[in-house]
Amino acid sequence: MPLTPQKLAAVAAWVLLCFLAYASVSPIGARPTLPASTSLEHIAAFATVGLLFHLAYPRHAMFVWFIVIGSAVLLELMQFVTIDRHARVVDAVEKMAGGIMGIVTGRLALYLEQTLRRRQV
């Protein structure tokens, strides 16, 4: 069974989402960080998740929206049950905004690919 770009995107999307779940609820000292602001981290991480999920499941838009936006909210809410983490509305909004940007970027990329294919025929 060959590993198609769509299957590769699906594997990458789920692996990244699992990593983000770990990063969201792990103790603050174990949380992986980048030298950028946490706002940029939230936006970039969920933009990547949104892009990958849309590329992996282009015909399942509602599923993609549910997973990406739902996980942004759920992962933020899960911080209520951790001892040294705190859930913030602004963090959830940043994650949702990043996810939306990623989904829209994925849709645009697939639209442009389809347009180019039609012109070649």
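Determine, for MET96, MET101, the number of other Cβ atoms within 10 Å of each Cβ, and report the residues in order from fewest to most. Display every interim value, and only then the final one.
Working: MET96 21, MET101 17.
Listing MET96, MET101 from fewest to most nearby Cβ atoms yields MET101, MET96.
Take every pair of alpha-carbon atoms less than 8 Å apart whose residues are at least six positions apart; their mean separation over the length of segment 5-120 yields a relative contact order of 35 percent.
Comparing mean-square fluctuations of LEU55, LEU108, LEU34 from a GNM of the chain with C-alpha springs under 10 Å, the top value falls on LEU34.
Using only the C-alpha atoms, the convex hull of the chain corresponds to 124 Å³ per residue.
Values in this text are rule-based calculations from the coordinates and carry no lab data. Not measured: the values here are computed from a predicted model. Counting neighbours? That spans all protein chains shown, and the Cβs are built from the backbone with ideal geometry, glycine included.
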